[in-house]
Amino acid sequence: MNTKLIILLLLISGLLTTSLPVNAHQLSDSYLRISAVDETSTYTVRWHLGLKDLEMAVGLDNNYNGEITWGEVLNQEQVIKRYAQSALDIQQQQKTCPLEFAPIAMDRLNSGIFIALDVTVLCQSDTPLTVTYTPLFELDQSHRGIITYTDSAGEQISVVSPDNTTLLLNTQNNTALITFFQFIKQGVWHIWIGFDHILFLLALLLPSVLHRKNNTWQAHSNAKPVFSEVISIVTTFTIAHSITLIAATLQWINLPTNLVEIIIALSVSIAGLHMLYPIGHQRRWLFAFIFGLIHGFGFASVLNDLELPSQAFWSSIVGFNIGVEIGQLVIVSILLPIIYGLRNTNVYQKWLMPTSASLMIIIGTLWAV
């Protein structure tokens, strides 16, 4: 690979890493847990808003050094509370419920550092609530609010997004089936904005239309071996991450989140390296299975932050996992016909493959660092 191409790759990867998330697997989610206490003390709320999300929304880094301290957060406490109050409207019988905010705190979840807000909602707890939730949507269309509601009748977990900001809280109308379909949508969305998972999947797909002969890539002459290989790779990746997603969500196996994120990032780099120097090309399904186990821990970290309700526990896990598979199959069904059609061209074999591999190596390594 010549010097000009290397310089070009470095410039492209620099642009990509400034536009993609700093971490390999970082989502913009906030968590709102509403609990009905009794008929007189109304509702209590525990609200987690991401530290980096709040920095984007209200500005916390007063000295602009790239690090947010607890002192800087405290200096902006009233600003944070005003922003939170402007973005949350809770009504009962079409009347807005007053909100009382306690002093803020800082909390670490699997997906990062959050500001924790404890709020008392001054409404009687014997009538359903309507929640309108809008923080960060004007700044980040990928942001999602995860709302968990608990009362004496049961639990309800729902997701609000820029196109669905208002929610009726009523556990009597909530069923495991509703939760199941909600989490299917979240699984699809999660894989589509999970740049690390997409890059890893792409690194497995790009060589699938080629085979090795005399230490060079050559195009498959027909579709049968291509589809057989893709099916084996996707199936083993699915089985692997499903195993660890369930095991980690059930707390059977626990790995440090930072370690998981580093390995996921490195899996992208290693997959890119394998495109340049394929070892055991015919056994890439094994490669997909081994790293699929690690990617499953990344998926599980999202579910663990939700503190899934007991009555919808399995429907949430199964729905989320099915959603991930649907999202993954959509990506494969779009990309595979394109790369299959390009497989015989010099552009694909001499430029697209090595360039994509090099970018994956650089981006994955930077993510890991």
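The values are calculated or read from the model by the stated rules, or taken from the named source; none is laboratory data. Quantities reported herein were computed from a predicted structural model and do not represent experimental measurements. Backbone-built Cβ (ideal geometry, glycine too); neighbour counts: all protein chains shown. Areas reflect the complete protein model, heavy atoms only, side chains present, ligands, DNA and RNA absent. Shrake-Rupley method; radii C 1.70, N 1.55, O 1.52, S 1.80 Å.
Of note:
- Qualifying residue in segment 107-123 (condition: more than 30 Å from Val226 (Cα to Cα), of a type in the set (Lys, Arg) and open to solvent by 20 Å² or more (accessible area, probe 1.4 Å)): yes
- Tally, over segment 266-289, of residues that are under 22 Å from Leu359 (Cα atoms) and out of contact with any Leu (no Cβ under 8 Å at 6 or more places or on another chain): 11
- Residues located in segment 186-237, provided they are of a type in the set (Val, Ile, Thr) and either open to solvent by 30 Å² or more (accessible area, probe 1.4 Å) or not in a helix (DSSP H, G or I) (or both): Ile193, Ile198, Thr216, Ile231, Thr235
- Some residue of segment 128-145 being more than 30 Å from Gly194 (Cα to Cα) and either within 25 Å of the chain's Cα centre (by Cα) or open to solvent by 40 Å² or more (accessible area, probe 1.4 Å) (or both): yes
- Helices (runs of 4 or more DSSP H) contained in segment 272-369 and holding at least 2 residues open to solvent by 40 Å² or more (accessible area, probe 1.4 Å), under 25 Å from Arg212 (Cα atoms) and free of Cβ contacts under 8 Å to residues at least 40 places away in the same chain: 313-342
- The residue list Ser111, Ser158 contains one member that is within 24 Å of Ile326 (Cβ to Cβ) and without any contact (Cβ under 8 Å) to a residue 60 or more places away in the chain, which is Ser158.
- Within segment 250-266, not a single residue is over 19 Å from Leu293 (Cα atoms) and more than 15 Å from the chain's Cα centre (by Cα).
- Search result, residues across segment 161-185 that are outside any helix (DSSP H, G or I), touching a residue at least 12 places away in the same chain (Cβ under 8 Å) and of a type in the set (S, T, N, Q): Ser161, Thr165, Thr166, Asn170, Asn174
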